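This report concerns only the one structure given below.
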């Protein structure tokens with residue numbers, strides 16, 4: 001009984017079918033509790049007023065946007081090394097989710113920035129690196145769609161994901177070169193003095209957990225769809241050959 | 001390896017090889033800038049390093065689809081893939097040939113165009129240095145992008161979408177070095193980082209490009 005057993009699509013689908021109800025349910029509960037708690041049962045921030053509540057969508061979506069790419073990177077590596085199709089399809093399935101989360105992060109950030117910083121957009125290091133992440137998602141998805149042969153597509157997108165990760169990381173540090181910018185630094189770490197206060201922290205963590213579970217559920221679901229699609233194509237090809 | 005380099009250079013310099021197209025594009029782009037932002041020399045001088053870097057980058061990008069596509073169509077790449085020479089080396093040579101035919105002329109032409117954009121006198125040296133250090137990275141990243149998309153029909157636009165985000169760090173450091181040079185600030189840090197990106201790209205990207213190419217032509 002090893003982790004690699006789930007490289008078998010049948011086993012993967014069976015496990016996915018068992019896990020998915022819990023993931024969807026827990027995601028719904030987490031997001032609902034996190035958002036309702038955050039929206040209606042936390043005090044206003046003494047400086048930001050009610051706009052602080054955007055944090056309960058902004059931070060989780062940004063968290064998923066970055067971690068979705070890391071998950072795609074790991075899945076791509078598994079595909080390149082061990083050539084498990086499920087892994088390649090999982091990376092393909094995660095990309096649009098990550099793209100949407102990036103857009104949500106950028107939009108909520110703009111909505112939050114307008115009242116707080118007085119501008120929708122600034123060329124701040126964090127904002128800029130997020131925009132480049134958005135471009136990387138676009139390129140990755142476009143490359144998947146451009147290639148017909150599924151194995152070649154998986155190969156090439158995996159290589160792009162690897163190289164892209166390095167360059168995305170470099171862009172991340174390159175933009176730090178300009179200035180520190182408007183965006184605040186990390187304030188969610190467990191060991192720092194300058195954290196946000198617990199009243200905001202607990203609903204935020206609940207919301208982040210909810211978003212993460214939603215991401216897991218979506219990726220499982222979409223990977224299942226991709227597997228079915230692949231099967232349908234293989235069946236179609238076989239029928240064509242027999243006819 | 002030398003033979004391959006000479007062959008690529010000869011093909012590029014001959015009529016129809018597209019040599020000079022990138023250069024002409026660079027010239028036109030720079031000439032269009034004053035038309036779009038107005039002829040105030042102070043403003044032009046401020047944005048000159050950035051415009052020249054952006055122009056060089058776009059000129060580089062424009063010539064990328066010729067980098068491997070022709071060799072892919074006539075089967076040269078298949079020969080190269082089965083040749084005793086490692087494909088990594090062949091692609092590094094192709095990147096070098098692209099740099100000699102596109103990057104180097106851009107570096108040499110940039111100061112002349114800098115005059116058109118009223119670049120401050122102290123900025124010329126650093127502009128040339130930053131371009132000379134940065135364009136090898138542009139060529140090698142482009143070589144990777146070309147290898148990734150060579151099997152795709154009408155992959156030119158897709159390649160731009162893939163390559164441009166990869167150009168971001170190079171552009172940031174290169175333009176920053178040129179800008180700092182133009183206003184007389186210290187340029188060492190961005191120049192060193194730029195050189196680092198170039199060296200890293202030249203050292204590692206041939207492997208990524210060869211991997212991508214093998215997947216396409218296997």
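When only alpha carbons are used to place a centre, the stretch B:47-101 and the stretch A:45-121 end up 34 Å from one another. Take every pair of alpha-carbon atoms less than 8 Å apart whose residues are at least six positions apart; their mean separation over the length of chain A yields a relative contact order of 34 percent.
Once Rg and the Kirkwood radius are both taken over the C-alpha atoms of the protein assembly as shown, their ratio Rg/Rh works out to 1.02.
Could you list B:98, A:85, A:58 so that the one with the fewest beta carbons within 10 Å of its beta carbon is first and the one with the most is last?
Details: B:98 28, A:85 18, A:58 21.
In increasing order of surrounding Cβ atoms, one gets A:85, A:58, B:98.
For residue B:43 and residue A:138, the FRET efficiency from 1/(1 + (r/R0)^6), where r spans their Cβ atoms and R0 equals 41 Å, is about 0.80. Highest mobility in the GNM of chain A, judged by mean-square fluctuation with C-alpha springs under 10 Å and restricted to A:107, A:169, A:13, is found for A:169.
Among A:76, A:165, the order by Cβ neighbours within 10 angstrom, fewest to most, reads A:165, A:76.
Note: the stretch B:2-217, Cα convex hull, 112 Å³ per residue. The mean sequence distance of close C-alpha pairs (under 8 Å, at least 6 residues apart), as a share of the length of the stretch A:17-119, puts its relative contact order at 28 percent.
For the stretch B:1-127, take the convex hull of the Cα atoms, compute a quarter of its surface area, and give me that in nm², please. Mean projected area of the Cα convex hull: 8.7 nm².
Using R₀ = 60 Å, calculate the FRET efficiency as 1/(1 + (r/R₀)^6) where r is the Cβ-Cβ separation of residue A:50 and residue B:218; round to 0.05.
Values: r = 58 Å, r/R0 = 0.97.
About 0.55, to the nearest 0.05.
With R₀ set to 56 Å, the beta-carbon distance separating residue B:122 from residue A:20 gives a calculated FRET efficiency near 0.30. Helix A:9-40 versus the longest principal axis of chain A: what angle, 0 to 90°, nearest 10, using Cα atoms? Rounded to the nearest ten degrees, it is 10. If a spin label sat at a point 7 angstrom from the Cα of residue B:9 along the line to its beta carbon, the backbone N atoms of the stretch B:81-106 nearer than 17 Å would be those of B:90-106. Quick one: angle between helix B:123-149 and the longest Cα principal axis of chain B, in degrees between 0 and 90, rounded to 10, please. Taking Cα atoms only, the helix is inclined about 30 degrees.
Against chain A, whose longest principal axis is taken from its Cα atoms, helix A:85-117 shows a tilt of about 20°. In percent, rounded to a whole number, the relative contact order of chain B is 27, using alpha-carbon pairs under 8 Å and six or more apart.
At 222 nm, what helix-only mean residue ellipticity would chain A give, in deg cm²/dmol to the nearest 500, using -39500 (n - 2.57) for each DSSP H run of four or more? Helix-only estimate at 222 nm: -27500 deg cm²/dmol.
Once the mean of 1/r is taken over each pair of separate Cα atoms and inverted, chain A shows a Kirkwood hydrodynamic radius of 19.7 Å.
Can you put A:172, A:231 in order of Cβ neighbours within 10 angstrom, beginning with the fewest?
Numbers: A:172 19, A:231 11.
So the ranking, lowest neighbour count to highest, is A:231, A:172.
Throughout, read-outs are computed from the coordinates displayed, never taken from laboratory work. Everything quoted here is computed from the prediction, not taken from an experiment. Heads up, the Cβs are rebuilt from the backbone with ideal geometry, glycines too, and the neighbour counts pull from every protein chain shown.
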